[in-house]
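Report on the structure given below.
The values are calculated or read from the model by the stated rules, or taken from the named source; none is laboratory data. No experiment lies behind these values; they were computed from the predicted model shown. Counting neighbours? That spans all protein chains shown, and the Cβs are built from the backbone with ideal geometry, glycine included.
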Amino acid sequence: MAKKKKMAAEIEFPVIELKELIKEYGTDETCIRALDEINLTIQKGEFVAIMGPSGCGKTTLLNIIGLLDSASGGQYALDGRPVDDLSSRERAGIRGNRIGFVFQSFNLVPRLNVIENVALPLNYKRGFRYNKLRKASKILKTFELQEREYYMPHQLSGGQVQRVAIARALVNDPSIILADEPTGNLDSKSSELIMNELRDIHRRGNTIVMVTHNPDLTSYASRIIQMRDGRIARDSARKKTSEKKERKRALNSYLQNAVENAQPVEDVA
Ligand SMILES: Nc1ncnc2c1ncn2[C@@H]1O[C@H](COP(=O)(O)OP(=O)(O)OP(=O)(O)O)[C@@H](O)[C@H]1O
Ligand SMILES: [Mg+2]
């Protein structure tokens, strides 16, 4: 009996399992089918990149996976549990504790400074305020924003706002990260900071689903999904690059940054 119980506990469900998932917007004549019978299983610890032309349903898919929206048909099980069974309170709890959203459109609270904005998701948890601010400060440092902790959002550049929003999405150590073009408007150095952070989170065993239009960024992923017209057109595992290749890629990108950010040198002759 005890053995049976142990075996049941050892069964690992996929983190995300979608079966013939449909999402339709509008009614009758105006109806648009944004997702058309999607079948997709994502295991714990995968780093999935989703690509595809504008309007093919990528954001719609992320919104449903992140419980921000509901499907019109089909099934979605999160950790083996059908999401239709969840109450709105349970959905909010999962969104707050387990899922980190890295969306470009996520705005900061204008009346709070940078560090308070980043610490916001921690306010729903118990613990001392000092420890929460320390955690927020630590992640801001990762994004090279430690000197902006006490700035107000309107005193930041667009790219800095985006990095603060991403720090806020990750401060909670979420186990599922949903990223919608996380580096869309950023320069290559800021993009690198964000991608390296996502890679570290992935290496710690978390699951990442990232939408991107940039084929270079798929090198961080373990699996690439191509969408077309609300369907999955291709689903392929990316070949593992060796440590050596990865170091070479990182070095090349560092050199490219250095060249892009180089200041003209005065003639010393
Ligand atoms: N709230 C909505 N009401 C009606 N139609 C919508 C709504 N949201 C999305 N759509 C439609 O659903 C389809 C998929 O949209 P979605 O935003 O998922 O595309 P996407 O792949 O993320 O595109 P992009 O790369 O441009 O961000 C589009 O045809 C879009 O017009
Ligand atoms: Mg989109």
Within the stretch 159-215, the residues that are surrounded by fewer than 18 Cβ atoms within 10 Å (Cβ to Cβ), away from ligand 1 (no atom under 14 Å from the Cβ), part of a loop (DSSP other than H, G, I, E, B) and among the small types (Gly, Ala, Ser) are Gly205
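Got a number for residues in the stretch 90-139 being not in a helix (DSSP H, G or I) and not hydrophobic (A, V, I, L, M, F, W, C)? Walk me through it before giving the result.
Of all residues in the stretch 90-139, those not in a helix (DSSP H, G or I) come to 98-113, 125-128.
Subset that is not hydrophobic (A, V, I, L, M, F, W, C): 98, 100, 104-105, 107, 110-111, 113, 125-127.
The qualifying residues number 11.
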Of the listed residues (Arg203, Arg168), the one being closer than 18 Å to Ala119 by Cβ, modelled with pLDDT of 90 or more and of a type in the set (D, E, K, R) is Arg168
*Would you call Gly73 within 16 Å of ligand 1 (Cβ to nearest atom), of a type outside the set (Lys, Arg) and out of contact with any Lys or Arg (no Cβ under 7 Å at 6 or more places or on another chain)?*
yes
All-but-one check, Asp28 against (1) at pLDDT 90 or above; (2) surrounded by fewer than 17 Cβ atoms within 10 Å (Cβ to Cβ); (3) away from ligand 2 (no atom under 14 Å from the Cβ), failing number (1)
Is it the case that some residue within the stretch 204-219 is within 16 Å of ligand 2 (Cβ to nearest atom) and under 29 Å from Lys132 (Cβ atoms)? yes
Of the residues in the stretch 44-70 that are away from ligand 1 (no atom under 15 Å from the Cβ) and in contact with a helix residue (DSSP H, G or I) (Cβ under 9 Å, 6 or more places away or on another chain), the one that is nearest to Lys19 (Cα to Cα) is Leu67
The residue that is modelled with the lowest pLDDT, considering only those in the stretch 69-82 that are assigned to a loop (DSSP other than H, G, I, E, B) and out of contact with any strand residue (DSSP E or B) (no Cβ under 8 Å at 6 or more places or on another chain), is Asp79
Residue set Gly66, Gly80, Gly45, Gly100; condition under 22 Å from Arg203 (Cα atoms), surrounded by fewer than 17 Cβ atoms within 10 Å (Cβ to Cβ) and in contact (Cβ under 8 Å) with a residue 24 or more places away in the chain; output residue Gly45
- Query: Is it the case that the stretch 246-254 has a residue that's at pLDDT 70 or above and farther than 28 Å from Asn185 by Cβ?
  - Reply: no
